[in-house]
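The numbers here are math on the coordinates, done by the rules we state, and not lab data. Everything quoted here is computed from the prediction, not taken from an experiment. Methodologically, a virtual Cβ is constructed for each residue, glycine included, from the backbone with ideal geometry; neighbour enumeration extends over all protein chains shown.
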Amino acid sequence: SPKPGDGICANATWSRNGTTVAGGTDQGSELNQLLYPYGLFIDKNQAIYVADTENHRIVKWDRGASSGQLVAGGNDEGEDANQFHKPTDVVVDKDGTMYISDTGNSRLQKWHPDAKSGETIIEEFFVFGVAQDEEGSIYLSSEIKYEVRKWRTGETVGQLITSELSFPRLLFVDRNQSVYIADANNHRVIKVDNGSTQITIVAAGS
């Protein structure tokens, strides 16, 4: 079926049976294991990047792989440039640069391909979820501030998208730059259209 402008197929269907594509070998810290994984990102080659939260690392699983590759962190819990404290989400841009919500350290880390450490590009936002639009702008949710903001390249202060939230977590930005937000404590998923401040409930919320 042709895709609408938001890039989501209106007639998509899913199998009733799931297939394990990462982990599934009990909890642990080996590269074929995960420990409380949270956010993930799928690139154009269908490789899956996983925020392996309690292992304080990001692992990449190629399609069909039986174990992952360590691509960021994995140097124990900490606040150094090569460490994370409970990362919860990751997004990867077109050149392979990763943007990682280092939640326990209240910062967004940027890791270039094959880098051994990251750089802090946004701090003190208590970031949880991270997304990126096709123009390269970064969107962050903050559980503590109860808001979602957008940073265009080079900006130091993010544009407020919405603050009508309670513990917002993961988020997604479609081709129209509409933002979908998992509003955890309100038990709903909401949508905020580009250029609007109005929220639309798209799942639950009753």
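Here the average projected area of the convex hull drawn through the C-alpha atoms of segment 150-200 stands at 3.7 nm². Rounded to whole numbers, the Karplus 3J(HN,Hα) couplings from phi for segment 159-168 are 7, 5, 8, 6, 10, 8, 9, 9, 6, x Hz, using 6.51 cos²θ - 1.76 cosθ + 1.60 with θ = phi - 60°, and x at Gly and Pro.
Counting only DSSP beta bridges with both residues in segment 1-124, the antiparallel share comes to about 95 percent. Counting other Cβ atoms within 10 Å as a rough exposure proxy, the listed residues E54, E135 run E135, E54 from fewest neighbours to most. Each of V90, V192 was scored by other Cβ atoms within 10 Å of its Cβ. Listed from fewest to most, they are V192, V90. For the chain, averaging the sequence separation of C-alpha pairs within contact (under 8 Å, six or more residues apart) and dividing by the residue count gives a relative contact order of 11 percent. Seen from S196, the other residues with C-beta closer than 14 Å to its C-beta sum to a net charge of -1, counting Lys and Arg as +1 and Asp and Glu as -1. Our estimate of slack between C9 and D76, defined as 0.36 nm per intervening residue step minus the Cα-Cα distance, is 20.1 nm. Taking 27 Å as the straight-line reach from the Cα of K60, the lysines in range (excluding those fewer than 8 positions away in the same chain) are K44, K86, K94, K110, K116, K150.
When each of the peptides 78-87, 112-121 is scored by how many other beta carbons lie within 10 Å of its residues on average, the order from highest to lowest is 78-87, 112-121.
Scattering from segment 1-124 was approximated by placing one identical point on each alpha carbon and applying the Debye formula without solvent; log10 I(q)/I(0) at 0.13 1/Å stands at -0.55.
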